[in-house]
1. Are any residues in the range B:400-453 under 22 Å from B:GLU268 (Cβ atoms) and among the basic types (Lys, Arg), and if so, which ones?
2. Out of (1) surrounded by fewer than 16 Cβ atoms within 10 Å (Cβ to Cβ); (2) in contact (Cβ under 8 Å) with a residue 12 or more places away in the chain; (3) assigned by TED's automatic domain parsing to the domain that holds A:LYS91; (4) charged (D, E, K, R), what's the single condition that is false for A:ARG249?
3. Would you pick out the residues in the range A:270-322 that are closer than 30 Å to B:SER311 by Cα and either of a type in the set (Ser, Thr, Tyr) or under 31 Å from the mean Cα position of the chain (by Cα) (or both)?
4. Of all residues in the range B:73-119 being part of a helix (DSSP H, G or I) and within 13 Å of another protein chain (Cβ to nearest Cβ), which is nearest to the chain's Cα centre (by Cα)?
5. Scan the range B:405-440 for residues that are aliphatic (A, V, I, L, M), modelled with pLDDT of 95 or more and crowded, with 17+ Cβ neighbours inside 10 Å and jot them down.
6. Which members of the range A:319-336 meet the condition of being in a helix (DSSP H, G or I) and among the small types (Gly, Ala, Ser)?
7. Of the residues that sit in the range B:206-229 and are touching a Phe, Trp or Tyr at 6+ places or on another chain (Cβ under 8 Å) and within 14 Å of another protein chain (Cβ to nearest Cβ), which one is farthest from B:LEU314 (Cα to Cα)?
Amino acid sequence: MPRADYQVVIGLEVHAQLLTTSKLFSGASTSFGGAPNAHTSVVCLGLPGVLPVVNRHAIELAIRAGLALECRIANVSEWSRKHYFYPDLPKGYQVTQYEHPLCLGGRVVFDTPEGEKAVRLTRIHVEEDAGKLVHEGAASLVDLNRAGTPLIEIVSEPELRSADDAVEYLKALRDVLVWVGVNDGNLEEGSFRCDANVSVMKHDATTFGTRCELKNLNSFRFIKQAIEVEAQRHVELLESGGVVEQETRLFDPQRGETRSMRSKEDAHDYRYFPEPDLPPLVLGAGDVDSIREALPELPRARRARYVTSLGLSAYDAQVLTADRAFSDFFERCVAEAHEAKPVANWFMGELSRLLNETNTTVGEVKFSPAQLAALLRAVKDGVISGPGAKEVFAELFATGKDVQVIIDEKGLAQVNDDGPLLLAIEQALAESPKNVESYRGGNTKIVGYFVGQVMKKLGGKGNPKRINELLVEKLKG
Amino acid sequence: MKTLAQAAAALAAGQTSSAALTAACLERAKADPFGAFLTLDEPGALASAQASDARRREGRAVGPLDGVPLSLKDNILTEGVVTTAGSRMLEGFRPPYDATVTARLKAAGAVLLGKTNLDEFGMGSSTENSAFQKTKNPLDPTRTPGGSSGGSAASVAARLCFGSLGTDTGGSIRQPAAFTGLVGLKPSWGRVSRFGVVAYASSLDQVGPLAHTVEDAATLLSAIEGLDPADATSSTAPKTDLSMLRSGVRGLRVGLPKEFFVDGMDPEVAASVRAAAATLVSLGASVEEVSLPHTRYAMATYYVLAPCEASSNLGRYDGVRFGHRTTDPRSLKALYENSRAEGFGPEVKRRIMLGTFALSAGYADAYYRKAQQVRALIRRDYEQVFQRVDVVLSATSPVLPWRLGEKLDDPLAMYLMDVLTLPCNLAGLPGLSLPCGRASNGLPIGAQLLGRPFDEGTVLKTAYALEAALGLQFAPTGGV
């Protein structure tokens, strides 16, 4: 952290890849990997004569992101060309949105040790990604598989004041985007990328310091580290009488430092102008409404509801909403079982453990909410014991068989009828007269021994609660 | 046999075959003294001619273009057939796909003979800016056929084919048509797909026909117009109703814009246009003088906006993926600079520099944005005039075809020649040029008709009536 009399000012620009199957302006596939230039078409190669056609699904996802982040969706937005020369940019320009973006305003809400915070967004716009260069010895090779992939750029106001807050902001933002199915949240594959604008100012200052843009931040750890070392660099510069130059800097995770990539003088003049090959993006009357109506309950709202309506702890609510599909399945099970806490216990315990062990997702689960509810009922009604329930659940998870069938097949049904229970009790008492005497002499704890003996005779299937009751009656004689 | 309609009729009547027509056209094209073609696709043309004849034998001929030899300007992509846009930058470039208009002509059964010469990337008014060859005017080989679609115009005027597609960004179909005694139509912006057409200035470019007659031009328009899912700017407007072509001009209101009789205009041209107006009156139309006050800003507006878009559209020619690539660049910068310095000709470089400057930080407001504002005013001029009249009549070019080389050293003088054709592109209107007179030296004089956006029908029927009344015929030198 920088010196106490300085504060760091951070604005973040996040590029999130939209989860479409085809590119923003062509039918080429967006799948990750593949042989170089396999996922390209004449359009993403920028051949002479090609024209862009907007992928409506990408726009729908961008609007969904905007609504989830409380943005205002512009009825009319505009495409622009942003020009620069680089071999991974086939047309010599990127089609993006400049003067009139799709989403305006909005905010990201996140938790910090000091409580809930909200940072406002400037805008969200839609744009195409560039390809990449692969350097092999003296040669640089161009792979355009990623060129034309749809992105949204989410630009925050410079309202963040610490690297920790920046990381929490990003995690919350990623949670929302993944939750609403807009982005896969993968930092390593670059489908969720962040640039940070960092400056420092004294606490009593009224204007921001000069900012630097940090690039190459591909993990939350690096983001925190990069912001902190950059802020420190600014403070040291200022304190030694120097000035901060506005520039773009690259974070070097090996050395844990930032270094200059492009000075202000070398900054591109992007020569933006409206893209003449695309008409303005005009949304129909019902377009936004229908996307809004289909928007799921968002993670923060759902967590709050789990606490207030379902009576779960904040911790449980957090764990249960870490994944949308997991949480949705939980909801369906609660609806079927009519109680939340036991379902929550199964989800956070056995279900999570088994999903982990088998490396499967909740979408692949073989049992239905009704089957889980049947299992809960069997426990509640004393049909099976606690350990028996775990066995049933494991089988249920593995096969999806009917709960009653599993209980029957495994012979897990408890003996609840007094007749056989009493028979076993009589035998047990008869075999240990000394212990009976001991009990009657005041050693009431010995009842546990008898429960064990009775269970043994019943092959472990006796209802322990009823055995206990009957034993006490008998021992008291 | 000269016109497309005549060729179609002869094919339909079985008087000739597509193979025979195509072979004859190819033979003349190979001996062409005017330099119309850059590439002839002899095997491709003969194969489609044979396929057409086979269809016709089986009674499956697909329409008036089936089996008819045509040419395409060399900035219209043809799968597997070299497409250069008249530039060293694309020398030898074989596109992997067809432009939509190419595909539509193929679907209509047309025989595509080859690719015609043009000013590099469509930038010019004389076809002298081609990187490969000069094209001569078939009506007078010492003169320019106009440009940039000069090769297309020459290919039709010299009767090497029965029609051609050109492109028109500021008059590049209409002015060559005027200079070679042809009919040339620039459709409304959005009427014809631009997919697969090498972009010069996207908001101004349109593909359109050059042909001997209005009817032929209409036939070609009909084959290529209409919505294309691959071009987001192509219009959903209904196709042009050709049934009204012969419906006459009685009651038609014709506007004669006073601003189009410019200083320095050839008096023979002005007189011929006024005579054409009188002819329309004699056919039952009314003519009134109208005003398009922002016309005088059209040239400045065009020569800001078109270079801006060109500087952007030509960014892809970087030597990385296709086209000319310099040998042994020592750095990425050298790859870009040398490839582009070697690949582009002087007029293209001039426009890239103009456009880059006009879009650059600190200047974009004064140039690009100001020009967009003026463009809106020019468009509004036409909206207002078209409330009073149905078509606007003027000259296509203020002058007659000039001698080859005459204006080559003076780009500004060359730009001025486009003054009457530019506003149509800026306003997105349909514009047609047809011969309206013969100058004392025998050269054709072109009249331009402009219509409301997507009202090609009225423009075509007016042109049809005028053409019939004037009965002008022009023949190439050498008496082909």
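1. Answer for the range B:400-453, where residues must be under 22 Å from B:GLU268 (Cβ atoms) and among the basic types (Lys, Arg): B:ARG403, B:LYS407, B:ARG438.
2. (1)
3. Going through the range A:270-322, the residues closer than 30 Å to B:SER311 by Cα turn out to be A:270-282.
Once the filter is applied, which keeps residues that are closer than 30 Å to B:SER311 by Cα and either of a type in the set (Ser, Thr, Tyr) or under 31 Å from the mean Cα position of the chain (by Cα) (or both), the range A:270-322 yields A:TYR270, A:TYR272, A:LEU281.
4. This residue is B:VAL101.
5. As a first pass, look at the range B:405-440 and keep what is aliphatic (A, V, I, L, M): B:408, B:412-414, B:416-417, B:419-420, B:422, B:426-427, B:429, B:432, B:434, B:439.
Right, trim to modelled with pLDDT of 95 or more and you get B:420, B:422, B:426-427, B:429, B:432, B:434, B:439.
Result: B:LEU420, B:LEU422, B:LEU426, B:ALA427, B:LEU429, B:LEU432, B:LEU434.
6. A:ALA325, A:SER327, A:ALA335
7. Within the range B:206-229, the match that is farthest from B:LEU314 (Cα to Cα) is B:ASP228.
Condition check ((1) crowded, with 17+ Cβ neighbours inside 10 Å; (2) hydroxyl-bearing (Ser, Thr, Tyr)) across all residues:
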| site | (1), (2) |
| --- | --- |
| A:SER263 | no, yes |
| A:HIS268 | no, no |
| A:LEU281 | yes, no |
| A:ARG292 | no, no |
| A:LEU295 | no, no |
| A:ARG300 | yes, no |
| A:GLY311 | no, no |
| A:ASP316 | yes, no |
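The values are calculated or read from the model by the stated rules, or taken from the named source; none is laboratory data. Model, not experiment: these values are computed from the prediction. Note: ideal-geometry Cβ built from the backbone for every residue, glycine included; neighbour counts use all protein chains shown.
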